[in-house]
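J.: Here you go, one structure.
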Amino acid sequence: FPSHDKTSDRTTFNVNNSSYEFFTFWRTLGTGGPDTLFSRETSRFYVRADAAGALGGFIRPSGFPTYSFESNLSANGTVTTNTWYHIVFTVDFNGSFIAYRNGVNVGSTNISAFGGAFINPNSNDAVLGSRYNGSGTPNTKMAGGMGLFRFYNRALTAQEVQQNYNAQKSRFTLS
C-alpha cells in the first residue's frame, strides 16, 4: 500500500459521521513530526501517532485560523515500532471522536458542540499516510506501512470495531 495517496474524490472522504479503519505498521515514529494516518486539512481533521507513539488527532471548524477552537483527541493507547496494530477512529458529530487500538476504546472527546456543518465537502485535500500541508503536497509522512484502510460513511459502534478486529487479526499476526 502506498505511504501516501492524495485523492480527488470529494464525496468519498466526507468527514461527517464516519470511521477510518487501519491495519498499520510503524517502522519508526515521529520522523519530522507526528506520523499522520489520515488528513483533511481544509476540513481541519487529522488522526496520527506522535513521536512517543501516542494516538490522537484533532477536529476544528473550517475557517478558523488558529488552534483555539479545535477539539483534541489524546488517546491512552500507544503504538511501538515493528508491530502491526488495528487502529480505528470514529467521528460522530452528535457525540464523540473516538480512538480504538486492537478493538479497544483508548480515548474519546466530545465534539457535539461543532455539529457536522463545518466540514467542507468540496475540499480536495484528503491524504492517506501523510498530513496535507496546504500547498498541494503532503508532509509529515508516516514512516511505516498500511496493510488495510477502510472508510465508512458512518461512525462504527464499539461492537463493530471489535468484530472487524477479530475478523482480520490473524492476517496481521495479532492476538
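Okay, residues lined up against (1) in a strand (DSSP E or B); (2) modelled with pLDDT of 70 or more; (3) farther than 23 Å from Asn94 by Cβ; (4) not small (Gly, Ala, Ser):
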residue	(1), (2), (3), (4)
Asn16	no, no, no, yes
Ser19	yes, yes, no, no
Phe25	yes, yes, yes, yes
Gly33	no, no, yes, no
Leu37	yes, yes, yes, yes
Arg48	yes, yes, yes, yes
Leu55	yes, yes, no, yes
Phe64	no, no, no, yes
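J.: Return the residues of the range 151-162 that are over 26 Å from Ala126 (Cβ atoms) and surrounded by fewer than 16 Cβ atoms within 10 Å (Cβ to Cβ); say none if nothing qualifies.
T.: Gln159
J.: Kindly evaluate Arg101 against the criterion of being at pLDDT 75 or above, among the basic types (Lys, Arg) and over 20 Å from Ser130 (Cβ atoms).
T.: Yes, satisfied.
J.: OK, next. On the given criteria, is Ala113 assigned to a loop (DSSP other than H, G, I, E, B), modelled with pLDDT under 80 and either under 30 Å from Ser170 (Cα atoms) or of a type in the set (Gly, Ala, Ser) (or both)?
T.: yes
The values are calculated or read from the model by the stated rules, or taken from the named source; none is laboratory data. None of the values given here were measured: they were computed from a predicted structure. Positions of Cβ are backbone-derived with ideal geometry, glycine not excepted, and every protein chain shown enters the neighbour counts.
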